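Trainee: Next up is a structure, given as structure tokens.
The values are calculated or read from the model by the stated rules, or taken from the named source; none is laboratory data. Every value quoted in this text rests on a predicted model; they were computed, and no experiment measured them. Note that each Cβ is placed from the backbone with ideal geometry, even for glycine, and that neighbours are counted across all protein chains shown.
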Amino acid sequence: MSTKSILITGGAGFIGSHVVRLFVNKYSDYQIVNYDKLTYAGNLENLVDVADKSNYTFVKGDILDEQLLDEVFEKHEIDAVIHLAAESHVDRSITNPNAFIETNVMGTATLMNVARKHWKDFNGKLFYHVSTDEVYGSLGKEGYFTETTPYDPRSPYSASKASSDHLVRAYHHTYDLPVVISNCSNNYGANQFPEKLIPLFIHNIKENKSLPVYGKGDNVRDWLWVNDHADAIDVIFHSGKVGETYNIGGNNEWQNIELIKKLCEIMDEKLGRAAGSSEKLITYVKDRQGHDKRYAIDASKLKNDLGWEPSIDFAEGLEKTVDWYLQNEAWLKNVTSGAYQKYYQEQYQNR
């Protein structure tokens with residue numbers, strides 16, 4: 001692609017910040033525009049190392065704000081979009097589904113409408129929509145999600161992402177908008193907001209707090225290191241075929257309870273505690289409503305067509321992740337207190 005100006009939505013979030021950093025550092029001839037609303041999960045501290053780079057710009061904005069998006073597309077002459085901005089936590093979607101419908105469905109439609117308006121010629125343009133494996137529903141003990149698995153979303157979150165996936169494909173078929181979609185498994189790694197399992201439990205273990213496990217803890221997830229996910233997005237962005245979908249997985253299934261026990265083991269060793277100490281913090285709580293049993297990704301299409309596969313095994317990735325959180329206690333403290341969000345909201349409130 002000859003793309004020179006890329007809008008990355010949700011670029012201050014967990015996955016988004018890793019994608020922004022990769023593109024800013026790897027492609028010095030690209031202009032990267034990070035567009036983020038800076039909600040509770042968006043944190044510009046994730047990107048302090050690239051904030052002063054000449055090919056990086058931050059814009060505080062909502063993907064529902066059509067006027068601001070118009071201004072951004074015109075000012076920065078946007079050639080491509082990598083769309084990661086989304087409400088993403090299942091538990092929050094259960095208590096407030098409307099926020100997920102507005103952001104994930106209406107926000108995606110607004111963004112595509114603006115792209116269509118400004119891209120008079122689709123040559124060299126691309127709308128890359130980043131989605132989740134949760135749109136496929138729940139698996140039994142065997143089998144894997146492929147790109148042709150029928151959609152069967154079970155939570156308001158996954159339903160909103162499924163809706164946005166369908167919209168993106170519909171815009172491709174109806175308006176010839178050049179699109180590509182990827183659906184990934186559970187991400188883990190540095191800079192993840194501690195409402196998610198791994199950073200939450202690292203924090204709770206360190207503080208000797210309860211480790212609440214849904215149901216029996218026998219739900220299974222496939223885990224993908226966030227740096228590998230960013231690399232896969234890079235590969236798909238540059239080499240993926242327009243109109244195609246690519247599944248991104250870690251080939252790494254774990255039962256929740258086994259993952260938590262492994263995390264306890266690592267933390268006991270890192271903190272110099274007696275073996276088995278942290279496991280005593282595990283408590284079983286009422287299962288999540290509509291809790292999907294198992295997710296597992298077949299990423300063979302991405303490997304066979306584009307040559308991507310995970311670079312790291314889970315044992316190494318999990319240890320790197322634990323080390324990062326233990327070495328960045330100030331980040332964890334500030335993000336849980338909301339100090340960074342308050343600072344940046346005030347700094348950008350009039351921009």
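Trainee: If you check D133, D121, which single one turns out to be acidic (D, E) and either surrounded by 21 or more Cβ atoms within 10 Å (Cβ to Cβ) or in contact with a helix residue (DSSP H, G or I) (Cβ under 6 Å, 6 or more places away or on another chain) (or both)?
Mentor: Of the residues listed, the single one that is acidic (D, E) and either surrounded by 21 or more Cβ atoms within 10 Å (Cβ to Cβ) or in contact with a helix residue (DSSP H, G or I) (Cβ under 6 Å, 6 or more places away or on another chain) (or both) is D133.
Trainee: Out of all the residues in the range 216-248, which are assigned to a loop (DSSP other than H, G, I, E, B) and farther than 29 Å from E329 by Cα?
Mentor: If the condition is that a residue be assigned to a loop (DSSP other than H, G, I, E, B) and farther than 29 Å from E329 by Cα, then K216, D218, N219, G240, K241, V242, G243, E244 are the ones that fit.
Trainee: Could you tell me whether any residue of the range 233-251 is in contact (Cβ under 8 Å) with a residue 12 or more places away in the chain, among the charged types (D, E, K, R) and touching a helix residue (DSSP H, G or I) at 6+ places or on another chain (Cβ under 7 Å)?
Mentor: Scanning the range 233-251 turns up at least one residue that is in contact (Cβ under 8 Å) with a residue 12 or more places away in the chain, among the charged types (D, E, K, R) and touching a helix residue (DSSP H, G or I) at 6+ places or on another chain (Cβ under 7 Å).
Trainee: Another one. Regarding S93, is this residue assigned to a loop (DSSP other than H, G, I, E, B), over 14 Å from W119 (Cβ atoms) and polar (S, T, N, Q)?
Mentor: no
Trainee: Moving on to the next point. Answer yes or no as to whether S88 is part of a helix (DSSP H, G or I), surrounded by 19 or more Cβ atoms within 10 Å (Cβ to Cβ) and not acidic (D, E).
Mentor: Against the criterion (part of a helix (DSSP H, G or I), surrounded by 19 or more Cβ atoms within 10 Å (Cβ to Cβ) and not acidic (D, E)), S88 does not qualify.
Trainee: So which residues in the range 267-293 are assigned to a helix (DSSP H, G or I), free of Cβ contacts under 8 Å to residues at least 24 places away in the same chain and surrounded by 11 or more Cβ atoms within 10 Å (Cβ to Cβ)?
Mentor: Correct list: D268, E269, E279.
Trainee: So V135 ticks every box in (1) assigned to a helix (DSSP H, G or I); (2) touching a strand residue (DSSP E or B) at 6+ places or on another chain (Cβ under 6 Å); (3) within 20 Å of K301 (Cα to Cα) but one. Which box is left unticked?
Mentor: (2)
Trainee: Across the range 267-294, what is the number of residues that are over 23 Å from E319 (Cβ atoms) and not charged (D, E, K, R)?
Mentor: 6
Trainee: Take the residues in the range 41-67 that are out of contact with any helix residue (DSSP H, G or I) (no Cβ under 9 Å at 6 or more places or on another chain) and part of a loop (DSSP other than H, G, I, E, B); name whichever of them is farthest from A12 (Cα to Cα).
Mentor: S54
Trainee: Cβ-Cβ below 6 Å, separation at least six or inter-chain, first residue in the range 1-25 and under 23 Å from E87 (Cβ atoms), second modelled with pLDDT of 95 or more and of a type in the set (D, E, K, R): which pairs?
Mentor: G10/D36; G11/D36; A12/D36
Trainee: So, in the range 26-40, exactly how many residues are more than 19 Å from D79 (Cβ to Cβ) and surrounded by fewer than 24 Cβ atoms within 10 Å (Cβ to Cβ)? Lay out the reasoning, then the answer.
Mentor: Step one: list which residues in the range 26-40 are more than 19 Å from D79 (Cβ to Cβ), which gives 36-40.
Within this subset, residues satisfying the condition of being surrounded by fewer than 24 Cβ atoms within 10 Å (Cβ to Cβ) are 37-40.
Residues meeting the conditions: 4.
Trainee: Scan the range 68-82 and give yes if some residue there is buried (at least 16 other Cβ atoms within 10 Å of the Cβ), within 29 Å of N186 (Cβ to Cβ) and in contact with a helix residue (DSSP H, G or I) (Cβ under 7 Å, 6 or more places away or on another chain), otherwise no.
Mentor: yes
Trainee: When you go through (1) surrounded by fewer than 16 Cβ atoms within 10 Å (Cβ to Cβ); (2) closer than 20 Å to V168 by Cβ one by one for S93, which number turns out not to apply?
Mentor: The one condition S93 does not meet is (1).
Trainee: Scan (1) surrounded by fewer than 18 Cβ atoms within 10 Å (Cβ to Cβ); (2) in contact with a Leu (Cβ under 8 Å, 6 or more places away or on another chain); (3) among the hydrophobic types (A, V, I, L, M, F, W, C) for the single condition F237 breaks and write down its number.
Mentor: (1)
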